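Participant: This is the structure, below, for whatever I ask next.
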Amino acid sequence: MNRSTEPVLRATLIGSAIVLALACGSGVAAAQDLGPSPTDRVGAGVPPASAMPELLQDVGLDQRLNTQLPLNLAFKDEQGRTVRLGDYFGRRPVILVLAYYECPMLCTQVLNGLASAIGVLNFSVGKDFEIVTVSFDPGETPELARNKKATYIERYKREGAEAGWHFLTGSQHSIAQLTRAVGFRYAYNAEVDQYAHPSGIMVATPDGRLSRYFYGIEYGPRDLRLAIVEASEGKIGSAVDALLLYCYHYDPMTGRYGLIVMRVLRLAGGATVLALASFVLIMLRRERKLGRPFSPQPSALSPKPSALSPGHSALPSSLSPKP
């Protein structure tokens, strides 16, 4: 290979490698971004449902993917105004959170985990997606919702968030219909005046269909971004997001995005073919600019014309015999 062509080939191959790295990332990083799955929690020493107290056996978060949310339900916003759930749908994907505002621990952890995840996203609340937080305690008031909203808007610190992150309260009737629709099962413990409930968040499409579930109190920013892009049906996101969605697939059993090895191999094969084709094209164009065909150079061992060939004298002209 000509030395002058080595930088061209090296740049082409490096460019292909960068595309693959951006597209597929690392499976290890994806695992680190996420909290434990439901099966991980059972394997880590959490007892099965049959061994739990009777109150907790009715608590859980069941996935109802592609279920249409009851958008006509009435709630109260932070200012005490009557609103419909559907008022926050129709334009952008929506992250739905069920959490009561006076929860002494778990609900706050869910909201903190969500705030941490969206805090590192390039997408912004109110611009690219909405967040609707609904209290499942019918005794809570718009004043509690307003105070909770002020806390997280101050933490998020992005312009437009106040118009995009909503904190609602509602009647027992509306709460029951919403929690039933999303598969959110909880129970009230009168002895301690608290609710036993699962932890997790949901992502819904702009038209109000449940798209993705995430469990626990920590949510991987990359997985949340992919869920928002997927729920938007391609209306937001970049070409890299499209490649990531090709390489990663949502697993409803774990609530995670997992790497699809076969798709990565196909993408790698395509990138290799593209790199080789680009190299050949660059070489052909380069040879045309130099004005010579792209062919091997004459061999150094090619025979030279004989010194005694016809028409040539073997002696210098000064020693040649005179006629």
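Participant: Could we say that Leu226 is farther than 20 Å from Ala99 by Cβ and among the hydrophobic types (A, V, I, L, M, F, W, C) here?
Facilitator: Judged against the criteria, Leu226 is a match.
Participant: With respect to Arg146, determine if the residue is outside any loop (DSSP other than H, G, I, E, B), within 25 Å of the chain's Cα centre (by Cα), farther than 25 Å from Glu233 by Cβ and among the basic types (Lys, Arg).
Facilitator: no
Participant: Exactly one condition in (1) assigned to a loop (DSSP other than H, G, I, E, B); (2) farther than 22 Å from Gln79 by Cβ; (3) open to solvent by less than 20 Å² (accessible area, probe 1.4 Å) is false for Glu191; which is it?
Facilitator: (3)
Participant: Which one of these is touching a Phe, Trp or Tyr at 6+ places or on another chain (Cβ under 8 Å) and either at pLDDT 95 or above or surrounded by fewer than 21 Cβ atoms within 10 Å (Cβ to Cβ) (or both): Leu121, Leu98?
Facilitator: Leu98
Participant: Among the residues of the range 110-162, write down those that are basic (Lys, Arg) and either under 26 Å from Tyr188 (Cα atoms) or in contact with a Lys or Arg (Cβ under 9 Å, 6 or more places away or on another chain) (or both).
Facilitator: Lys127, Arg146, Lys148, Lys149, Arg158
Participant: Can I ask one more? Are there any pairs with C-beta distances below 8 angstrom linking a residue in the range 128-146 that is within 17 Å of Val182 (Cβ to Cβ) and open to solvent by 10 Å² or more (accessible area, probe 1.4 Å) to a residue that is in a loop (DSSP other than H, G, I, E, B) and among the aromatic types (Phe, Trp, Tyr), with the two at least 6 apart or on different chains, and if so which?
Facilitator: Filtered contacts from the range 128-146: Asp137/Tyr100; Asp137/Tyr101.
Participant: Looking at (1) of a type in the set (A, V, I, L, M, F, W, C); (2) touching a helix residue (DSSP H, G or I) at 6+ places or on another chain (Cβ under 7 Å); (3) within 18 Å of Asp87 (Cα to Cα), which is the only condition Ile217 fails?
Facilitator: (3)
Quick grid of which residues meet (1) at pLDDT 50 or above; (2) buried (at least 16 other Cβ atoms within 10 Å of the Cβ); (3) of a type outside the set (D, E, K, R):
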site: Ala30; (1), (2), (3): no, yes, yes
site: Thr39; (1), (2), (3): no, no, yes
site: Val42; (1), (2), (3): no, no, yes
site: Gln57; (1), (2), (3): yes, no, yes
site: Phe75; (1), (2), (3): yes, yes, yes
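Participant: Now for a different question. Please enumerate the residues belonging to the range 163-173 that are crowded, with 21+ Cβ neighbours inside 10 Å and assigned to a helix (DSSP H, G or I).
Facilitator: Passing the criteria: only Gly164.
The values are calculated or read from the model by the stated rules, or taken from the named source; none is laboratory data. Everything numeric in this text was worked out from a predicted model, so none of it was measured. Every residue, glycine among them, receives a Cβ derived from its backbone with ideal geometry; neighbour counts consider all protein chains shown. Protein only, heavy atoms only, side chains kept; ligands, DNA and RNA dropped before computing areas. Shrake-Rupley method; radii C 1.70, N 1.55, O 1.52, S 1.80 Å.
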